[in-house]
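*Asks:* Quick one: this structure, given as structure tokens, is what I'll be asking you about.
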Amino acid sequence: MTLTFEIRKAGFENKGAAMMLIAASQNVKARYPAARVAMAPDATSPYEFRARYGLWHRAELVRRGVDLGKLVQLVPGKLRHRFGFITEPEVDVVLDAAGLAYSDQWGAQHTEDLAHRAVAWKRAGKHLILLPQALGPFGTDRIRRAINVVADHADLIFARDKYSMENLVGAVGDRASIRLAPDFTNLLAAIPPANPPPGEKLVAIVPNARMVDKTSSDVSDNYTGFLRRAARMFQSAGMTAFFLIHEGAGDRVLAEQVNAQLSEPLQIWMAGDPLEAKGLIGKCSGLVGSRYHALISALSQGVPVIGTGWSHKYRALFEDYGCQNMLVNVSAGEEGLEAGLRTLIDDGQRAALSQRLAAPGARIKDSVRQMWEDVFRLLEVD
């Protein structure tokens with residue numbers, strides 16, 4: 001029997017989401033070479049990328065609450081498969097790779113949608129596995145009801161960090177199906193970038209629009225100033241700083257705003273293939289970033305970072321790698337921020353930071369391998 005997997009809540013515009021999509025697909029195919037791995041494409045998932053990674057197209061097109069994709073079920077299976085289409089009834093295993101969707105920060109509707117689908121999938125005999133992701137907080141009765149329905153119907157739920165675990169267990173109670181596992185993109189092999197920025201001692205600056213619209217005013221008001229200060233310090237030190245855009249237009253706008261305030265604007269490098277972005281990060285002497293998976297691409301390759309963040313997932317990530325002091329508050333005093341940035345400028349401090357990342361990096365990769373074994377063991381026992 002050929003298993004059919006669907007990977008949900010991942011696309012290609014956000015490079016972190018794309019990395020989760022690619023990582024899940026690669027691990028499934030490594031275990032089950034004949035498996036069909038599909039996604040329901042949207043505007044962020046162009047055919048070019050789906051074809052590059054061998055992803056089937058799960059027919060879904062929801063308009064005004066009606067899934068027009070169900071019309072594809074009327075087409076005979078052999079003809080559908082000739083064009084790379086599968087339908088929901090053909091899916092055996094649903095892998096949810098939302099990253100961060102089920103939380104008060106994004107409202108209850110995402111969790112309610114998953115709850116509704118989870119009930120139907122369980123009834124149809126499908127497996128639902130929530131791959132490692134940030135979860136919660138679940139503060140309202142509405143979202144708590146929904147996450148309880150999800151927990152009742154999911155086979156496995158992997159919380160990505162201890163804070164997510166606490167949020168989830170606090171909402172649904174302790175369950176055997178709930179486990180702790182780190183983000184699973186660190187095993188992805190990087191691709192050398194085709195056109196890296198020219199220069200010595202590359203330093204990537206990765207902005208994130210969520211640092212403006214998901215934070216308090218004391219953070220959002222100081223964020224672009226922090227990026228500007230970082231750019232100027234690296235330029236003064238003779239390093240080649242550049243902006244790496246890990247998502248879309250909002251991040252680029254931030255880079256352009258900072259560039260408008262610099263006497264020497266930085267090159268803006270738009271990430272196309274996420275594995276090329278990881279390859280470019282691997283060439284860098286350091287990274288200043290606010291995009292979660294850009295930080296992981298750096299830390300997992302031993303590239304020292306200064307990070308900023310807008311949710312608990314950032315704090316947990318830096319704790320996992322034992323470098324909590326490298327996660328800074330942009331509203332802190334100028335002297336403290338500059339001290340952190342200087343650790344990426346000084347060769348000795350930078351080398352020491354890189355060495356410190358090796359042991360936790362290896363441990364975290366082993367945990368990801370164990371997570372996949374847990375997933376496949378569940379499927380094979382069944």
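*Asks:* Which pairs do you get when a residue that is without any contact (Cβ under 8 Å) to a residue 40 or more places away in the chain, found in the stretch 352-375, comes within reach of a residue that is of a type in the set (Val, Ile, Thr) and part of a helix (DSSP H, G or I), reach meaning Cβ atoms under 9 angstrom, with the pair 6+ apart or on two chains?
*Replies:* Going by the 9 Å Cβ cut-off, the qualifying pairs are 352/343.
*Asks:* While we're here: Just to be sure I understand the filter: pairs with C-beta atoms under 9 Å, separated by 6 or more residues or on different chains, first member in the stretch 16-30 and over 15 Å from residue 379 (Cα atoms), second member at pLDDT below 95 and of a type in the set (Val, Ile, Thr). Which pairs pass?
*Replies:* Pairs found: 17/44; 18/44.
*Asks:* Still on this structure, I have one more. Can you run down the residue pairs with Cβ atoms below 8 Å, 6 or more apart or on separate chains, where the first is in the stretch 85-103 and more than 23 Å from residue 141 (Cα to Cα) and the partner is open to solvent by 20 Å² or more (accessible area, probe 1.4 Å) and among the β-branched types (Val, Ile, Thr)?
*Replies:* Filtered contacts from the stretch 85-103: 85/72; 85/75; 87/72.
*Asks:* Could you check the stretch 1-36 and list, in sequence order, the residues that are touching a Lys or Arg at 6+ places or on another chain (Cβ under 7 Å) and more than 17 Å from residue 121 (Cβ to Cβ)?
*Replies:* Residues satisfying the conditions are 2, 16, 35.
*Asks:* Yes or no: the stretch 29-44 includes at least one residue that is part of a loop (DSSP other than H, G, I, E, B), under 26 Å from residue 119 (Cβ atoms), modelled with pLDDT under 95 and in contact with an Asp or Glu (Cβ under 6 Å, 6 or more places away or on another chain).
*Replies:* The answer is yes; a qualifying residue exists.
*Asks:* Residue 54 - would you say it is within 17 Å of the chain's Cα centre (by Cα), without any contact (Cβ under 8 Å) to a residue 60 or more places away in the chain and more than 21 Å from residue 300 (Cβ to Cβ)?
*Replies:* Judged against the criteria, residue 54 is not a match.
*Asks:* Let me ask something else about it. For the condition open to solvent by 40 Å² or more (accessible area, probe 1.4 Å), over 22 Å from residue 135 (Cβ atoms) and part of a loop (DSSP other than H, G, I, E, B), what is the one hit in 247, 264?
*Replies:* Only one candidate qualifies: 264.
The values are calculated or read from the model by the stated rules, or taken from the named source; none is laboratory data. Computed from a predicted structure; not experimentally measured. Note that each Cβ is placed from the backbone with ideal geometry, even for glycine, and that neighbours are counted across all protein chains shown. Heavy atoms of the whole protein, side chains included, go into the accessibility calculation; ligands, DNA and RNA do not. Shrake-Rupley method; radii C 1.70, N 1.55, O 1.52, S 1.80 Å.
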